[in-house]
Amino acid sequence: MGRYRHQLYSRAKTPRYCVIFNLQWQILECVELEPSADLAAAMAAAIARQTLDGWHAEGAPEFGFVFLRRATGRRLLILTARDPYDRSPQSFSPFTCGTKVQ
């Protein structure tokens, strides 16, 4: 199964979030981006800020995320439409929806 870029960096009509997580999915930094923000520039700026602190991108952010490394530490920088502080379930579960699947 191949990956594709489905206009990830095109201007959005809803807010986006540029989030840095540690490897235990704890939020280290979160920047809410306004609708129609330049998402590619926001991602580049986030990488540049991390580079100033000694973190280095392990690859290109072409799919909306990149791992960052400094010494033995790692972080995940990701661009997402989902508010990272929203703790509601992210996926459908037939076991919690109240209807029986036959």
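The values are calculated or read from the model by the stated rules, or taken from the named source; none is laboratory data. The shown structure was predicted, so the numbers you read here are calculated from the model rather than taken from an experiment. Counting neighbours? That spans all protein chains shown, and the Cβs are built from the backbone with ideal geometry, glycine included.
What to note about this one:
- Pairing residues of the range 73-102 that are of a type outside the set (A, V, I, L, M, F, W, C) with residues that are modelled with pLDDT of 60 or more and surrounded by fewer than 11 Cβ atoms within 10 Å (Cβ to Cβ), at Cβ distances under 6 Å and at least 6 apart in sequence or on separate chains, gives R74/L23.
- Taking the conditions (1) at pLDDT below 95; (2) exposed (fewer than 13 other Cβ atoms within 10 Å of the Cβ) in turn, A12 satisfies each one other than (2).
Conditions tested, residue by residue: (1) without any contact (Cβ under 8 Å) to a residue 40 or more places away in the chain; (2) farther than 24 Å from D86 by Cα.
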position	(1), (2)
R11	yes, no
L23	no, no
I27	no, no
H56	yes, yes
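- Filter result (of a type in the set (D, E, K, R) and part of a strand (DSSP E or B)) within the range 17-52: E29, E32
- Residue check, E58 exposed (fewer than 14 other Cβ atoms within 10 Å of the Cβ), out of contact with any Ser or Thr (no Cβ under 6 Å at 6 or more places or on another chain), modelled with pLDDT of 95 or more and not hydroxyl-bearing (S, T, Y): yes
- Of all residues in the range 44-51, one or more are at pLDDT 95 or above and among the charged types (D, E, K, R).
- In summary, L33 fulfils each of the numbered conditions (1) more than 19 Å from K13 (Cα to Cα); (2) hydrophobic (A, V, I, L, M, F, W, C); (3) at pLDDT 95 or above with the single exception of condition (1).
- Screening the candidates F95, F63, F67 for the property of being modelled with pLDDT of 95 or more and at negative phi yields one hit, F67.
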